[in-house]
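Q: So that we are looking at the same thing, I have put the structure below in structure tokens.
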Amino acid sequence: MNTSVETPEKKENPFISIIFNIVIPVLILSKFAKLMANYFPDQKISPVYGLLLALSFPTIYFIYDYITRHKTNFISIIGFISILLTGVIGVFEFPSEWIAYKEASVPLIIGLVILISLKTPYPLVRKLLYNKEIIDVDKVDSLLEETNSKEQFDKVLVNSTYMLALSFLVSTILNFTLAKILIHSPSGTEAFNQELAKMTALSYPVIALPSTLVMVVALWYLIHNVKKITGLTMEQMLAPQLRDKMEEVDDEKKDIENKQDKNDTLEESSQETSNE
């Protein structure tokens with residue numbers, strides 16, 4: 001008899017990810033020169049060291065995340081390569097305009113791979129949108145087989161793939177534009193580090209939010225059409241772990257409401273007693 005219990009997959013902590021990939025690098029890139037001047041006023045320390053220190057934190061996070069979760073994916077690998085290329089451009093003092101092309105190439109490659117994967121047995125849209133962390137894939141696939149709706153669903157999946165690729169195209173354009181606007185100084189200089197810090201700090205609101213919005217629209221389109229094809233409700237379609245979390249939230253709300261009702265009843269009864 002097999003008594004082994006499947007352990008739940010460890011999730012990435014988005015707060016720690018933002019700290020290591022954005023906050024700390026931005027602080028180092030923007031403050032490194034001043035700190036070195038304060039602590040080592042008699043020594044001229046190359047800005048390249050600040051760049052390498054700043055880039056070490058996303059690198060450490062990538063390695064730590066892989067070791068702790070034993071999982072990585074194509075997008076995170078591309079992101080890691082992007083960090084290394086930034087370091088190479090800064091250390092070897094390649095033309096700073098290369099940053100714009102490097103920033104644009106990363107989401108462009110991801111978008112192209114997503115489109116190309118449509119022609120393979122393993123389309124990436126199934127990893128990014130139609131996956132077991134969001135949707136009860138087994139239940140949906142079973143209903144699609146029963147109702148002979150697989151072909152109709154495949155068309156929806158293709159359209160979702162185009163929309164997902166569009167989100168990375170938006171990111172490509174915004175990455176290139178932001179880098180072109182901000183990066184002007186020669187690589188390997190303190191000014192270059194300052195501009196890189198500003199670009200990194202602005203990358204989330206300027207690039208990540210619009211791209212995420214397009215991705216959310218793609219997910220909504222997918223879920224909306226799956227509901228229409230299968231007849232499932234939103235709750236029935238969600239992955240079991242998400243349903244459990246929703247139930248926990250509902251139970252907590254009910255507990256709070258019950259406590260509030262009890263408190264209101266006690267207050268009313270105490271007021272009646274005092275009036276008597």
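Q: Check the stretch 92-111 and report whether any residue there is open to solvent by 80 Å² or more (accessible area, probe 1.4 Å) and modelled with pLDDT under 90.
A: Within the stretch 92-111, the subset open to solvent by 80 Å² or more (accessible area, probe 1.4 Å) is 92-93, 97-98, 101.
Filter once more, so that each one left must be modelled with pLDDT under 90: 92-93.
Yes, because at least one residue in the stretch 92-111 is open to solvent by 80 Å² or more (accessible area, probe 1.4 Å) and modelled with pLDDT under 90.
Q: Can you pull out every residue in the stretch 38-48 that is assigned to a helix (DSSP H, G or I) and surrounded by 14 or more Cβ atoms within 10 Å (Cβ to Cβ)?
A: The first filter runs over the stretch 38-48 and keeps only residues assigned to a helix (DSSP H, G or I), leaving 38-39, 47-48.
Within the stretch 38-48, Pro47, Val48 meet the criteria.
Q: With respect to Ser167, determine if the residue is in contact with a helix residue (DSSP H, G or I) (Cβ under 7 Å, 6 or more places away or on another chain) and not in a helix (DSSP H, G or I).
A: Numbers: in contact with a helix residue (DSSP H, G or I) (Cβ under 7 Å, 6 or more places away or on another chain): yes; not in a helix (DSSP H, G or I): no.
So Ser167 fails the test.
Q: Does the stretch 161-168 include one or more residues that are open to solvent by 20 Å² or more (accessible area, probe 1.4 Å) and among the β-branched types (Val, Ile, Thr)? Outline the logic, then answer.
A: Kept after step one, since they are open to solvent by 20 Å² or more (accessible area, probe 1.4 Å), are these residues of the stretch 161-168: 162-163, 166, 168.
Pick out the ones that are also among the β-branched types (Val, Ile, Thr) and you get none.
No: the stretch 161-168 contains no residue that is open to solvent by 20 Å² or more (accessible area, probe 1.4 Å) and among the β-branched types (Val, Ile, Thr).
Q: Out of the stretch 75-87, which residues are open to solvent by 60 Å² or more (accessible area, probe 1.4 Å) and at pLDDT 85 or above?
A: Across the stretch 75-87, the qualifying residues are Ile81, Leu84, Leu85.
Q: Can you tell me which residue in the stretch 53-74 is modelled with the lowest pLDDT, limited to those that are crowded, with 18+ Cβ neighbours inside 10 Å and within 16 Å of the chain's Cα centre (by Cα)? Don't jump to the end; show me each part of the working.
A: Restricting attention to the stretch 53-74, the residues satisfying the condition of being crowded, with 18+ Cβ neighbours inside 10 Å are 54-55, 57-58, 61-62, 65.
The next check asks that each one be within 16 Å of the chain's Cα centre (by Cα); those that pass are 58, 61-62, 65.
On the way: Pro58: 90, Tyr61: 89, Phe62: 88, Asp65: 84.
Among those that are crowded, with 18+ Cβ neighbours inside 10 Å and within 16 Å of the chain's Cα centre (by Cα), it is Asp65.
Q: Taking only pairs six or more apart or across chains, which ones have beta-carbon atoms under 8 Å, a first residue in the stretch 135-158 that is without any contact (Cβ under 8 Å) to a residue 60 or more places away in the chain, and a second residue that is in a helix (DSSP H, G or I)?
A: Lys150/Leu144; Val158/Leu118
Q: Still on this structure, please answer the following. Could you please tell me which pairs satisfy a Cβ distance under 8 Å, a separation of 6+ or placement on different chains, a first residue in the stretch 171-188 that is free of Cβ contacts under 8 Å to residues at least 60 places away in the same chain, and a second residue that is open to solvent by less than 20 Å² (accessible area, probe 1.4 Å)?
A: Leu174/Ile207; Leu174/Ser211; Leu182/Met199
The values are calculated or read from the model by the stated rules, or taken from the named source; none is laboratory data. Here the structure is a predicted model, which is why all the values come from computation and not from measurement. Don't worry about glycine lacking a Cβ; one is built from the backbone with ideal geometry, like all the others, and counts go over all protein chains shown. The protein model used for the area step is the full one, side chains on, heavy atoms only, and it has no ligands, DNA or RNA in it. Shrake-Rupley method; radii C 1.70, N 1.55, O 1.52, S 1.80 Å.
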